[in-house]
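Here is the structure we will look at, set down as structure tokens.
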Amino acid sequence: MNKEKNNVQVHGNHNKMNHSKMDHSKDEHQDNQMDHQHHHGHINGDHHENHNLHIQHIHHEGHSHNGHHDHKGQGGHEHHNHGNFKQRFLISLPLGLIIMWISPLMGLRVPFPFQYTFPYSDIIAAVLSLILIIYGGNPFFQGAVGEFKQKAPGMMALVSMGIGVSFLYSVYAVIMRYATGLHYMDFFFEFASLILIMLLGHWIEMVALGKAGDAQESLAKLLPKHANVMLENDVIEQRPISELRVGDIVQVQGSENIPADGVIIRGDSRVNESLLTGESKPILKKVGDAVIGGSTNGQGVLYVEVRETGDASFLSQVQRLVADAQNQPSRSEDKARKVAGYLFYIATVVAIVSLIVWWIVFDLQTAISFAVTTLVIACPHALGLAIPLVISRSTSLGATRGLLVKNREAYELTTKADTMILDKTGTLTTGEFKVLQISSLNNNYNEKELLALLAGIESGSSHPIALSIINHSKEKNISPINFDKVEVVSGQGMIGMNKGDRYSLISQKVYGKPIDIKALPGATISILTKNDIAIGVVSLGDELKATSKELIDVLKKKGITPIMATGDNEHAAKAVAEELGIDFRSNQSPQDKYNLVESLKNEGKTVIMVGDGINDAPSLALADVGVAIGAGTQVAIDSADVVLTQSEPGDIESFIELSFRTNRKMNQNLTWGAGYNFIAIPIAAGLLTPIGITISPAIGAILMSLSTIIVAINAMALKLDN
């Protein structure tokens, strides 16, 4: 996998949506200058920095991570969207049935009882066949052209050769009949039945694909068509949701779906977000809590201020992720294309050899029959759809559970992974920091004065550390000191000016000097300095998530070695690592984490990186599989291969299980599709004719379509336990 996404640029962006906590605040939308990328210097840490950021990846020359251009032209499947196969089949059906009615099977002199011939009926069949091949055969020829342009003939080329050879030879046979008066066997019956069966097979395939891709339709249906907008004097006006604007106040009645992402300003109710986030139980929401557009309100009436609309909304991001996942190729699909390419050349060579041999042994008509049958039965549609159908089904299953897979290769690579690097805060632990202790390092400042300074420098921030400090000051009834200026300095932390003095709140590593203080086990340490001299220390801590231990146990059972990489100090990291029983790396900067991933990959390891999608962006991009915990930020979409909409370690376990089941289904379909064709080709060429076993073109087409239906049913059988 080409993962050269390691160059990143950080830009301020207030269009963020942390839907793991959905922590929107009005100030975030009014002031995009508060950039928390380097909050407290904890870009070297692993705290939630998915606030007000946009990370854009500089794609290197030749980089094709998204793989859209690779997917186009694969077996001509992009042309499936150019024609409605149901419509083509229904229009072609009467035409094909007439041709089959007036054309004897296998060109026999005596037609079957259900057939009827009359003078010049063969000419009528030829004319109708010309219409049928132009209309009904068009998508196959278009696909073949695309394949040859890509210099990768395969599925559609085989179909085109089959119908093209049978049509051209049949027209030749009719001309020779009238020119010589001799009987020449035609294949109009087989030609017509082949096109009808092919169109019917594709219609069935498209129905299967449509069912496998219902997740996007389901997500789109979550949004109501209209919203009740509250105007002045509490007047309610109904508007289409397309006309909603940021700042509008919408009223959501009980049992209604919420029309847009926003924040509750009045009312409380339990909200069901199960289809969006995978959270099975309705969540109690009250004033100040954020809600997701598309989630279902419970019994209470909510008044919601709209914060995101259109493409910026959570639901739109989910839909885009699902669409991207279903449009990208994987290594497994590349294998399927290779096999299809081999089949094309094998079928062509075998058909030519069969033509020559049977022409010598019997006659040209018999030879053509075997050659056409070989080309028909070798058509590897089952093989070509084996992988996409499974991926489509898998991405739909994952999306409804909050597992959003952007890169199809993630499935296969996850099953090969032997190492997983995990961020700590917000991934393994709750990230809900509480102030554990404030220590003075200067006799001129007591704990209350330090807290006033800390709350002042954090004022206006929605970062978990900041919120913890601000909430702590409120609990203590201590008013924050007003700073003249507060800004984030890259690699430094929060910097503020007050009465000419320069204050900073930074990590212990950024401070770089020893601190004479007894660290609390598992605590995160931040240093408050005045004019570069430490005056106080604030210790904050969080706790393990409920599913963290279970995840570690599952990883070990799967043979995946877990390593925790955190920017926190060694004491904090060690406390968590010992509780989980895993190896750890402390004081890790983004560069350190990047180097860790790189070194493991150089050792031949297949690495999964799990992080919050902001300060872990470089390592998420470099890892074989990058998993972003918590959806909604642009960086999670850009950097990771997989986005988990909830910040729950248990979802990582679910994704691993989904990967193993998906990979198993892909291998099953790949084995069936390839094995079927390799066995069928020599039989179609007449290898077993001496013992009385032959396959006609029509029977070949039926068997091919049945194989396609089998792989479709197998793909749809993919399940993920709750």
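A short reminder: the numbers here are calculations on the coordinates, not readings from a lab. Fair warning: this is a prediction, and the values are worked out from it, not measured in the lab. Glycine gets a Cβ as well: all are built from the backbone with ideal geometry, and neighbour counts include every protein chain shown.
Quick rundown of the values:
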item: Formal net charge of residues neighbouring I478 (Cβ-Cβ distance under 14 Å; K, R +1; D, E -1); result: -1
item: Difference of contour (0.36 nm per residue) and Cα-Cα distance, I175 to L97; result: 25.8 nm
item: Relative packing of peptides 415-423, 578-586, 621-629 - highest average C-beta neighbours within 10 Å first; result: 621-629, 415-423, 578-586
item: Theoretical FRET efficiency, 1/(1+(r/R0)^6), r = Cβ-Cβ of E237 and V287, R0 30 Å, to 0.05; result: 0.85
item: Relative contact order (percent, whole number), the range 222-321, Cα cutoff 8 Å, 6+ residue spacing; result: 32 percent
item: Extended-chain gain in nm, criterion 0.36 nm per residue less alpha-carbon gap, E475 and T561; result: 26.7 nm
item: Ratio of Rg to Rh over the range 222-321 (Cα coordinates, Kirkwood Rh, two decimals); result: 0.94
item: Order of V263, V287, V597 - criterion: other Cβ atoms within 10 Å of each residue's Cβ, fewest first; result: V287, V263, V597
item: Inter-site label distance for N531 and V301 at 7 Å from Cα along Cβ, in nm; result: 6.0 nm
item: Rounded to whole Hz, the Karplus (6.51, -1.76, 1.60) HN-Hα couplings of the range 640-646, x for glycine and proline; result: 9, 8, 9, 10, 9, 5, 9
item: The range 434-541 - Rg (one decimal) and Dmax (whole number), Cα, Å; result: 12.5, 36
item: Highest to lowest packing among 141-148, 471-478, scored as the average C-beta count within 10 Å; result: 141-148, 471-478
